[in-house]
Amino acid sequence: MPDQGTREFLDRLSANVQPPEEQARARAMLDDDCRARLRAANRRDAAAWAKVQSLADWERFRDARLKALRASLGSFPPEPKALDVEVTKTLEGDGHRVECLVFESRPGLVVTANLYVPDPPRAKPALSGRDGMPAFLLVHSHHNPKEQAELQDMGVLWARLGCLVLVPDQISHGERRQQPFAGREDYRHRMVLGMQLHLVGESLMGWMVWDLMRCVDLLLARPGIDRERLIVIGSVAGGGDPAAVLAALDPRVKCAIPFNFGGPQPETTYPLPEDAEEAFNFAGSGSFESTRNLRLSARDGFLPYVIVGALAPRPLIYAHEFAWDAARDPVWKRFGRIWGFYGAADRLAACHGWGRVTIRPPDASHCNNVGAPHRKGIYPHLERWFGIPAPAEEPQMRRPAEELRCITDAVAARRQPKLVHYLAKALSLERAGKARAALAALAPADRRRKLQADWARLLGDIEPKGAPKAETRGKDDLAGTTAERIVLTLDDGFVVPTLLLLPTSPTPLPLRERQGEGGSRHKGSTLPNPSLREGGGLRPIVVAVAKQGKAGFLKHRADELAALLARGIAVCLPDVRSTGETDANGEPGRHRRTVNPSSTYLMLGETLTGLRLRDLRGVLRYLRSRPDLDATRLALWGDSFAPVNVPPFADKPLESNDCPREAEPLGGLLALFAALFEADAKALLIRRGLVAFEAALCSPFLYVPHDVIVPGALTAGDLADVAASLAPMPVRLEGLVDGRNCAVSEPELRRWLEPARQAYAGREPSLVLAPTVTDEGWAWLARALV
């Protein structure tokens, strides 16, 4: 039992190290750092762009960035030799028909689409005497799927003019919904899909673009198509992004009209400043929707304007949903130079609406996909470039959404479409399995070195540059314990408020606690406290981390902290960036305040988990410098105080007030990775950590924060492989959770952690797997440090 005086001292102890004004600055540091890094990325881009003075310069600039873009999207599967396209029904209309189509873009992933076809085919003069049918590929917004009214209007009007018009459902939308809730949940669920695909080294944008490439296959396979008149239109609100990437990577697209992508956004403050060329954020910034902030884009330079500019010299309509400041738009100026290199200025055009996104209609030109006013700005350019006349009228021949659905019960039974998480899990088994096979061929020391190299590459910058600067803000002494309040300033300027608890009146440690479970031949006897052993009174230390930080430990683990202190063991409680005292907090899910910074760091080639690990390793460097601590006897403790979800429970829409609770596995991840990289760690305790990254792929629902996701994690194995590399170091894992924040049962725990169990074969007492959180952790840590 802990010393009562120490326990009372901890109860009264404040977790805060900084005064309120410093806390506010610390909480803002994450956003400030992202903005500073984005400014640096924009400066790098500006310097590179300044060297583009000729067509050859531009194409070198473009090609390097397109290569990086292509690599960032993931691994495309082999192109199918032929699409197995099934027409599930045909709807007859006035001057057109609609074919409801189903095909697979990759094994198991079914695409649903409506193809608007001229019926009867229009005579050649209607299209200015050109041979073959033009084709449109319409990429819908995140507002609604393929049946939305504006999409129907475009399909009908261009089909009646003699064009083919294909309108597919994007992944997560309409008939390709990944969850049972309709409406805006299709859009919100993109965050989950992005997280899951990132884990296996893929991306939501990559999968969307691959689908669109197969849509191009479908159009070009139609009889009578004109391959030189294939036009992609990316709708407002998330349609322009994949349309632009498709056009950049697929030369079969002959014209692109991406809305709200490449330059100023609807949310951009207008008018643009006079110095927009210097002040404009060409890189953009992160958000929950991964298709708007492509991973590695700011690091590797494939900024949105580069993606759109890669279309040159093919025709581009630079499209804006609302008003546009053409005179000051720096992206428009860059496009002018790019198309000018080709002598193709006549193939560059723009269209725009009016008002602002914050103004209600009719004073602002809001639309769902591409509204009639926006189409009027498109028609003249299509006629000039491709001989497609403007319609004399736009008749509305809209059908109920149900009529345009493609999947019947018979089709579903025959096709058996798979959800994305299922396909991602299959990829994870393949890729993690390959990584494990490579690890198995190595000696233990080489295996650990390979894991260190692989995870360092995935996590980003995890190496602190030197020891942090330490400033002691105060000390409290009571009941044989000193609490030091320390602010550590790292080399990148981030501060880590730290509480260091030091036992000043050590007590003897029972011998049985030094010799492990089962007692000893001197059961009940005592030896001097290990802090007083030969070596001069140095204290062993436990470093404990959690998302709730030191306040969470004082609130939920005070008894265990007191018990460790009573055994002469020091405890360090650091609040790494955006945890504890430095955490801006926020709602769970996509509104959590770390989502935007986490996404921005992915754009910059970092991960928030990796940067926090860097902070923790900086703390360890500081502790090693202290003359009163024994850094050779260091234990790591990662914890979570978040309640688990108890099955059975109902998954809810992501915006519900009663959503299932999110896990907080950050502490466990940081402790595990610190143990991998820090050779002097002697023991590891993890509570309520994530059992495996693969466990995030077992359901379409995911209750894990965005900021713990490590892209490509499952290409290096999984967390069990990291734990296995620590053998024979004592490791204790308690109450681990899965991707839905449910406690993992003992049989499942053993299954998920099989690689670790194999590594500890013959040393089973050193690996403790407990399906629930116990009160034995402190004693286990104490034994491990003696």
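The values are calculated or read from the model by the stated rules, or taken from the named source; none is laboratory data. What you see is a predicted model; the values in this text were computed from it and never measured. FYI the Cβ positions are ideal-geometry reconstructions off the backbone, even for glycines, and counts take in every protein chain you see. Heads up: the accessible areas ignore ligands, DNA and RNA and are worked out on the full protein's heavy atoms, side chains in. Shrake-Rupley method; radii C 1.70, N 1.55, O 1.52, S 1.80 Å.
Scanning segment 56-91 for residues that are surrounded by fewer than 12 Cβ atoms within 10 Å (Cβ to Cβ), of a type in the set (D, E) and not in a helix (DSSP H, G or I) returns E79, D84. Cβ-Cβ distances below 9 Å connect the following pairs, each with a first residue in segment 216-241 that is over 16 Å from L382 (Cβ atoms), a second residue that is open to solvent by less than 10 Å² (accessible area, probe 1.4 Å) and of a type in the set (K, R), and a separation of six or more residues or different chains: G238/R190.
Could you list, in sequence order, the residues of segment 753-785 that are open to solvent by less than 40 Å² (accessible area, probe 1.4 Å) and either in contact with a Pro (Cβ under 6 Å, 6 or more places away or on another chain) or more than 29 Å from R633 (Cα to Cα) (or both)? Scanning segment 753-785 gives S766, A784, L785.
Conditions (1) surrounded by fewer than 17 Cβ atoms within 10 Å (Cβ to Cβ); (2) over 27 Å from V595 (Cβ atoms); (3) aliphatic (A, V, I, L, M), marked per residue:
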{"position": "P258", "(1), (2), (3)": "no, no, no"}
{"position": "P266", "(1), (2), (3)": "no, no, no"}
{"position": "E274", "(1), (2), (3)": "yes, yes, no"}
{"position": "S290", "(1), (2), (3)": "no, no, no"}
{"position": "R295", "(1), (2), (3)": "no, no, no"}
{"position": "G340", "(1), (2), (3)": "yes, yes, no"}
{"position": "G353", "(1), (2), (3)": "no, yes, no"}
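Selection of segment 358-393 for residues being in a loop (DSSP other than H, G, I, E, B) and open to solvent by 60 Å² or more (accessible area, probe 1.4 Å) yields T358, I359, R360, P361, P362, D363, H366, A392, E393.
Against the numbered list (1) under 27 Å from L230 (Cβ atoms); (2) among the basic types (K, R); (3) not in a helix (DSSP H, G or I), K418 comes up short only at (1).
Yes or no: segment 27-42 includes at least one residue that is within 30 Å of A570 (Cα to Cα) and open to solvent by 30 Å² or more (accessible area, probe 1.4 Å). Within segment 27-42, one or more residues are within 30 Å of A570 (Cα to Cα) and open to solvent by 30 Å² or more (accessible area, probe 1.4 Å).
Each residue in segment 690-701 was checked for being open to solvent by 10 Å² or more (accessible area, probe 1.4 Å) and outside any helix (DSSP H, G or I), and 5 of them qualify. When P242 is tested against the conditions (1) closer than 19 Å to R70 by Cα; (2) open to solvent by 10 Å² or more (accessible area, probe 1.4 Å); (3) assigned to a helix (DSSP H, G or I); (4) not aliphatic (A, V, I, L, M), the lone failure is (2). Scanning segment 324-340 for residues that are at pLDDT 95 or above and small (G, A, S) gives G336, G340.
Within segment 155-208, no residue satisfies the criterion of being of a type in the set (K, R) and under 15 Å from L138 (Cα atoms). Taking the condition of being open to solvent by 10 Å² or more (accessible area, probe 1.4 Å) and farther than 21 Å from A453 by Cα, how many residues in segment 704-726 meet it? Here the count works out to 1. Looking across segment 6-23, the residues that are assigned to a helix (DSSP H, G or I), open to solvent by less than 60 Å² (accessible area, probe 1.4 Å) and within 16 Å of V487 (Cα to Cα) come down to E22, Q23.
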